[in-house]
Amino acid sequence: MGTEYFFSDEQNAFRDMMRRFIQKEIEPNAEKWEEQGCYDKAIFKRMGDLGLLGINYPVEYGGQGADLKTHLVFWEELCRSGISGFAMSVMAHTDYGSASLVHAGSHELKEKYVKDICSGDKLFAIGITEPNHGSDVATIETRAKSVEDGYSISGSKMFITNGTQADVVNTVVRTGGPGVKGVSLVLVDTDTEGFSVGRKLNKMGMLSSDTAELVYEDCVVPKENLIGEEGKGFYYLMAGLERERLSGAVLSYIMAELALEDSIEYAKTRIQFGTPIISFQAVNHMIAEMATEIEAGRQLAYHTVSLMNAGVRCNKEASMAKYWCAEMLLRVVDKAVQIHGGYGFIREYRVERLYRDAKLQTIGGGTNQVMRNVIISEMGLRVK
Amino acid sequence: MNIVACVKQVPDTEALIKVKADGSGIEEGGIKWVMSPYDEFGVEEALKTKEKFGGEVTIVSIGPARTMETVRTALAMGAEKGIHIDDPALYNADAYATASALAAAIKGIPHDIIFCGMRAIDDDSGQVGSILAELLGLPSVTVITKLDIEGSTAKAIKPIEGAQLLIETSLPCVITAQKGLNEPRYASLPGIMKAKKKPVEVKKAADLGLTVEQKSTVAKMSPPPARPPGKIIQGDDPAAKAAEVIRLLREEAKVI
């Protein structure tokens with residue numbers, strides 16, 4: 001890959017370990033998980049045993065206390081499994097669903113939940129989006145009413161990754177008045193009375209991940225399940241967004257890299273007009289473009305990692321990396337399927353799956369349009 | 001229990017091997033190096049033995065600076081410490097010189113049981129474990145797929161054609177591992193992070209009081225003959241083409 005220079009010896013050794021694990025225990029499940037519309041939940045426990053689920057969470061709470069580059073190695077190799085839905089589900093657990101808890105939760109709450117996140121004993125999901133509210137988080141309607149023994153939550157959540165299998169949903173609720181200052185985060189155990197899975201949603205791609213609509217009907221959870229303070233939920237979420245956007249970029253450029261690898265392999269062995277099609281300039285120029293764009297995307301992501309590791313604010317760069325890599329991925333998978341011709345349209349070929357999986361990358365975790373808004377805002381050019 | 005596991009760093013099984021033009025060895029550029037798979041079984045069994053009876057596992061390996069990565073891998077899997085014998089005189093040593101160096105290192109440390117892979121996947125000699133046992137004056141049981149230790153007795157299963165042998169011997173002894181003995185664990189992330197701080201002694205042959213003596217040398221290395229290109233039989237008449245295939249199989253390939 002030629003990226004070893006960017007990592008320490010330990011991180012490169014960790015990559016070897018990850019790659020072996022993924023090849024041996026994850027990749028063989030691809031067809032089964034895609035077919036059944038979900039990974040097998042037991043794999044989380046296995047990953048927890050190997051110390052993979054809390055890589056840069058504190059040792060005190062069962063994490064590994066490693067830095068972001070080590071976490072990047074984890075993301076990259078996880079995504080290289082090519083089972084992108086599963087990779088997204090793992091990230092929902094290790095990052096999106098749990099980052100705000102680790103960032104702002106009380107010691108007791110972290111003691112209670114973060115250990116189980118790291119061990120894989122409890123599967124996490126993040127419940128932000130609602131049927132009527134997506135990018136506009138400040139307007140969410142799910143209500144958490146203060147009652148005698150805690151919060152009573154009513155409302156519904158939409159497009160929730162890990163929705164049917166999660167043990168805990170980090171739920172974005174309204175505890176106060178309108179606007180961002182009324183938003184809080186509350187952990188909801190999914191065995192709580194009043195919580196139910198409305199339905200499992202059928203998707204275009206990312207089939208190895210379950211996505212669901214969740215319903216809360218007077219679902220009462222203890223006060224202690226509030227993350228940090230009331231009314232600060234939005235800011236706690238924001239604190240994890242740089243990382244989330246970065247991980248989205250990683251998934252995109254790795255998916256693109258897999259599409260490129262498959263295309264090269266195919267173009268070298270597919271004979272037309274008496275010669276491997278890679279000898280046609282029309283084909284090998286596509287490959288040159290794919291490789292160039294992937295490299296550019298990766299370097300933008302690596303630059304963001306370097307900033308983040310140095311403690312420099314990089315919301316702009318993370319947003320750039322997320323949207324650019326997602327759009328780059330769409331260009332790359334389009335070429336990959338084109339190079340594969342008819343076979344690229346057939347389920348047996350991985351590029352067919354990558355093509356379907358790719359589209360979510362421009363939508364999930366903040367649409368590409370929202371990313372552009374963030375960039376403009378970070379550049380100080382937002383007109384109110 | 002004091003447990004020793006000997007490991008060798010070899011080219012990755014998926015590496016493309018190119019023999020040097022002068023036949024003196026292989027081109028090492030671009031090769032990814034890994035622990036020989038049979039040695040991994042040995043390390044895993046060493047760790048399981050430690051987990052059952054307590055004690056510590058020492059890794060011993062011979063090779064140039066890059067060999068340290070393989071020692072660290074074993075430490076990341078859970079071994080306590082390592083000895084890395086780095087001496088140019090031993091880089092392409094034969095089985096005897098290799099075993100002599102291992103014996104010299106192991107003599108200096110307490111050892112109740114020593115694990116080796118049954119052979120290294122690069123030179124396929126399969127002799128080091130046995131010679132090592134001989135030099136240390138210990139019994140050896142080779143190519144085993146199951147091991148039970150009771151008190152100071154080791155009971156090992158060795159598969160042979162159509163049967164298996166149950167072999168008993170006394171500790172200390174040398175065991176060489178065959179596939180099937182166990183399922184080697186991954187070096188976990190916490191293991192990898194801890195491995196950096198575990199002690200590894202780097203020694204030269206002289207530090208071990210050893211004068212390297214080889215019983216054999218590789219005179220020349222040559223690649224296997226290139227596979228001849230396939231032959232496509234042209235023609236329109238399937239019967240004639242089939243007849244031609246049969247003629248070629250009989251007269252040229254001489255397989256029927």
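The values are calculated or read from the model by the stated rules, or taken from the named source; none is laboratory data. Just so you know, these numbers come straight off a predicted model, no measurement behind them. In this analysis, Cβ positions are derived from the backbone assuming ideal geometry, glycine residues included, and neighbour counts consider all displayed protein chains.
Assorted remarks:
- Residues in region B:163-185 include at least one that is outside any helix (DSSP H, G or I), under 18 Å from the mean Cα position of the chain (by Cα), within 14 Å of chain A (Cβ to nearest Cβ) and of a type outside the set (Asp, Glu).
- Restricting A:Arg350, A:Arg313, A:Arg243 to residues that are closer than 29 Å to A:Glu31 by Cβ and of a type in the set (Lys, Arg) narrows the list to A:Arg350.
- Odd one out for B:Thr142, checked against (1) surrounded by 14 or more Cβ atoms within 10 Å (Cβ to Cβ); (2) closer than 30 Å to A:Ser8 by Cβ: (2)
- Residues being at negative phi and within 12 Å of another protein chain (Cβ to nearest Cβ) - total across region A:58-78: 10
- The one condition in (1) among the aliphatic types (A, V, I, L, M); (2) surrounded by fewer than 19 Cβ atoms within 10 Å (Cβ to Cβ); (3) in a helix (DSSP H, G or I) that A:Val114 fails to fulfil: (2)
- In the condition set (1) under 29 Å from A:Met17 (Cβ atoms); (2) more than 14 Å from every other protein chain (Cβ to nearest Cβ), B:Gly108 is compliant with all but (1).
- Among residues of region A:189-201 that are in contact (Cβ under 8 Å) with a residue 24 or more places away in the chain, those with a beta-carbon under 7 Å from a residue that is in a strand (DSSP E or B) and polar (S, T, N, Q) at least six positions away or on a different chain give the pairs A:Gly198/A:Ser156; A:Leu201/A:Thr211.
- Qualifying residue in region A:276-291 (condition: touching a residue at least 40 places away in the same chain (Cβ under 8 Å) and at positive phi): no
- A:Ser8, sole failed condition from (1) farther than 20 Å from B:Lys196 by Cβ; (2) at the interface with chain B (Cβ under 10 Å from one of its Cβ atoms): (1)
- Residue selected from region B:219-256 under the condition at pLDDT below 90 and β-branched (Val, Ile, Thr), by the criterion surrounded by the most Cβ atoms within 10 Å (Cβ to Cβ): B:Ile233
- Scanning region A:313-371 for residues that are among the acidic types (Asp, Glu) and modelled with pLDDT under 95 yields one hit, A:Glu348.
- Of all residues in region B:186-211, those being more than 14 Å from chain A (Cβ to nearest Cβ), surrounded by 16 or more Cβ atoms within 10 Å (Cβ to Cβ) and part of a loop (DSSP other than H, G, I, E, B) number 2.
- Residues that are of a type in the set (Asp, Glu), outside any helix (DSSP H, G or I) and over 19 Å from A:Leu123 (Cα atoms), drawn from region A:23-80: A:Asp67
- Filtering region A:11-52 to residues that are touching a residue at least 12 places away in the same chain (Cβ under 8 Å), within 11 Å of chain B (Cβ to nearest Cβ) and farther than 20 Å from A:Ala66 by Cβ leaves only A:Glu25.
- Residue that is surrounded by the fewest Cβ atoms within 10 Å (Cβ to Cβ) [pool: residues in region A:162-219 that are basic (Lys, Arg) and in a strand (DSSP E or B)]: A:Arg199
- Listed by first and then second residue, the pairs with beta-carbon distance under 6 Å, at least 6 apart or on different chains, first residue in region B:48-76 and within 14 Å of chain A (Cβ to nearest Cβ), second of a type in the set (Phe, Trp, Tyr), are B:Arg66/B:Trp33.
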